[in-house]
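What follows is a set of notes on a single structure, which appears directly below.
Rule-based calculations on the coordinates, nothing more; no lab input. Only a predicted model underlies this, so the values are computations on that prediction, with no experimental measurement involved. Cβ sites come from the backbone with ideal geometry, for glycine too, and all protein chains shown count toward neighbours.
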Amino acid sequence: MGGLPSPSILSPSILPIILALWLFFQGSHQISRNDFPSDFVFGAGTSAFQVEGAVSEDGRSPCIWDTFTHAGKMADKSTADVASDQYHKYKEDVKLMSDIGLDAYRLSISWSRLIPGGRGAVNPRGLQYYNNLINELTRNGIQPHVTLHHLDLPQALHDEYGGWLSPKIVEDFTAYADVCFREFGDRVSYWSTINEANVFAVGGYDTGMIAPGRCSNPFGRNCTAGNSSVEPYIVAHHELLAHAAVAKLYREKYKAKQNGWIGIAIYAFWFSPYSNSTEDVAATQRALDFMFGWILHPLIHGDYPESMKKHVGSRLPSLNRTQVDQVKGSIDFIGLNHYSTVYVKDQANSPDSQRDWGTDMSAQLILFPDNSSSEFSLFDLPVRPWGLKCSLEYIKIAYDNHPVFIHENGFGTPPDVGLNDTERVDYLNAYLESLLAAVRNGSNARGYFVWSLIDVFEVLGGYEVSYGLYEVDFKDKALPRSPKLSAHWYSNFLKRNHTSSIKGQPLQSHFTQ
């Protein structure tokens, strides 16, 4: 963009000079962390399966993602057997976090590394690894924000009783959480029980796009087991019950001494009506109910949204009085994973048609309003920064302005973009401006994490898409890390050097209405 040298001749040493020149010539509104509240947390994140590697080392057992990838389910046939090898390179990665100036690092614990059987004996080497990682973070003044389940259920529990399809998961998940609180809670104050509880249920048990890859025709591809009409709702129901049980455990056994926070994370597009018609406006509210409300409504208001109960009917499990009391109020914060905004058009379905989460919603999701027939894809998402502000405004109004941490926000590029990731810089700057506008308008947002710190194994793209602030050279067995332009930009932002907004000018093809 703008006459910058091609990535092939860039070196990390000259990237800061390029960044400074580039920002100088933009001449637009400036933003830095000084504009945010002094206690606002800024960080970056990864997850255990996507970054650690070492899948067969030191007592770790397989998780459902090992099975999924080894069966060749990824488009690029990749696995995360090595991934970015953070298991062996964690000290190097913490140094990168310190170099940038992060307040916090969002990580997850591999259940199958810590408790290989899913229940029972703790693996001492797994325990040592997470103690080492957490200690390294705290020594460098970086807060660990820990997720207990980031899509990676131990395969042993899935084989034994169906994992999240069974209510037995509640007891095992609570026992696992108990180990984590006991062993790490003296240094960890922020816990998320489940990452993207809504997308895990849909992607894993409806479309089959992610592990464990369960689905039924015509809703998934290459479906060999599953029932897309009912399983997503069963899984989400058990996620809510498991979350509530873990929150109860923490509050009764650990809260007084550790004084931490318990939350849950959802994936959330923002939705905007395709037209001003009554039908499209109503469809947009349904989409919000099915994406935000499916998880948040029971946790904050005590029951599933009325539109879900109406459209899903008896396939949606009901919460009894005891469960309502357990689930309602069981979160201290909401984790929001937000990347883009899509448009919504009403889509009537035949009463006797086969149904899944998507058809129950009765709404067509459209990437580009000038092309309603375009196939929806999670890749090449349009950049609409205003959607983050709208999402936070919606949470403020619909969900009592609960505290929110933006747990994931980032921009995917092909790996060959290299170090000169100007589009990612533009994306991050624009979304941080949107976040700042929401905070100034009263949103209770408390923190922001870029996805991702380094290039990782991406669950929807393997190694064919890159989100990292640092490039990982997966073709080199040493897996060297190199800072991209975005790493320098984020460091400038965090160190209170003002940065300039691009206002979309270099990204005419990406910033869209």
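Taking a sphere under 15 Å around the Cβ of ARG286 and counting the other residues whose Cβ falls inside, with K and R at +1 and D and E at -1, yields a net charge of -3. Rounded to the nearest whole Hz, the Karplus-based 3J(HN,Hα) values (6.51 cos²θ - 1.76 cosθ + 1.60, θ = phi - 60°) of the stretch 239-249 follow the sequence 4, 4, 5, 5, 4, 4, 5, 5, 4, 4, 4, with x at glycine and proline.
Report note on the peptides 58-65, 116-123: ranked by the mean count of other C-beta atoms within 10 Å, highest first, their order is 58-65, 116-123.
Taking amide H atoms as placed 1.01 Å from N in the peptide plane, the amide H of VAL41 lies under 5 Å from those of GLY447, TYR448, each 5 or more residues away in sequence or on another chain. Counting charges near ILE331 (Lys, Arg +1; Asp, Glu -1) among other residues having Cβ under 14 Å from its Cβ returns a value of +2.
Taking the Cα atoms of the stretch 173-256, the ratio Rg/Rh between the radius of gyration and the Kirkwood radius comes to 1.13. Ellipticity at 222 nm from helices only: DSSP H runs of n ≥ 4 in the chain, each -39500 (n - 2.57), divided by the residue count, give -11500 deg cm²/dmol.
Taking a ≥ b ≥ c as the square roots of the Cα gyration tensor eigenvalues, the stretch 328-459 comes out oblate, since a/c reaches at least 1.5 and a/b does not exceed b/c.
Ordering VAL342, SER110, GLY163 by Cα displacement along the dipole of the chain toward the positive end leaves SER110 in first place; charges were set at the Cβ atoms of Lys, Arg (+1) and Asp, Glu (-1). Find the Rg to Rh ratio for the stretch 414-475, where Rh is the Kirkwood radius over alpha-carbon pairs and Rg uses the same atoms. Dividing the radius of gyration by the Kirkwood radius yields 1.08.
Charge tally around VAL179: other residues with Cβ under 13 Å, Lys/Arg +1 each, Asp/Glu -1 each, net +1. Rg/Rh for the stretch 169-318 stands at 1.03; both radii use Cα atoms, and Rh follows the Kirkwood definition. Ellipsoid semi-axes for the stretch 137-180, based on the Cα gyration tensor and the rule √(5λ), read 28, 11, 8 Å when sorted largest first. On a per residue basis, the convex hull of the C-alpha atoms belonging to the chain measures out at 142 Å³. Counting only Cα atoms, the size of the stretch 119-247 along its three principal axes is 52, 27, 26 Å, in decreasing order. 3J(HN,Hα) along the stretch 381-396: 5, x, 9, 10, x, 4, x, 5, 4, 5, 4, 5, 5, 5, 4, 4 Hz, from the Karplus curve 6.51 cos²θ - 1.76 cosθ + 1.60 with θ = phi - 60°, whole Hz, x for Gly and Pro. With the highest mean first, a sort of the peptides 90-101, 444-455 on other beta-carbon atoms found within 10 angstrom per residue produces 444-455, 90-101. Peptide packing for 235-247, 165-177, 273-285 was compared via the average number of neighbouring C-beta atoms within 10 Å per residue; ordered from the highest value, the list is 235-247, 165-177, 273-285. For ARG106, the residues whose modelled amide H falls within less than 5 Å of its own, excluding neighbours fewer than 5 places apart on the same chain, are ALA44, GLY45, THR46, HIS145.
Listed values for the stretch 103-114 are Karplus-derived 3J(HN,Hα) couplings in whole Hz (6.51 cos²θ - 1.76 cosθ + 1.60, θ = phi - 60°), namely 7, 8, 10, 8, 10, 10, 9, 7, 4, 6, 8, 7, and x replaces Gly and Pro.
About its Cα centre, the chain has a charge dipole of approximately 1080 debye under the convention of +1 per Lys or Arg Cβ and -1 per Asp or Glu Cβ, with nothing else charged.
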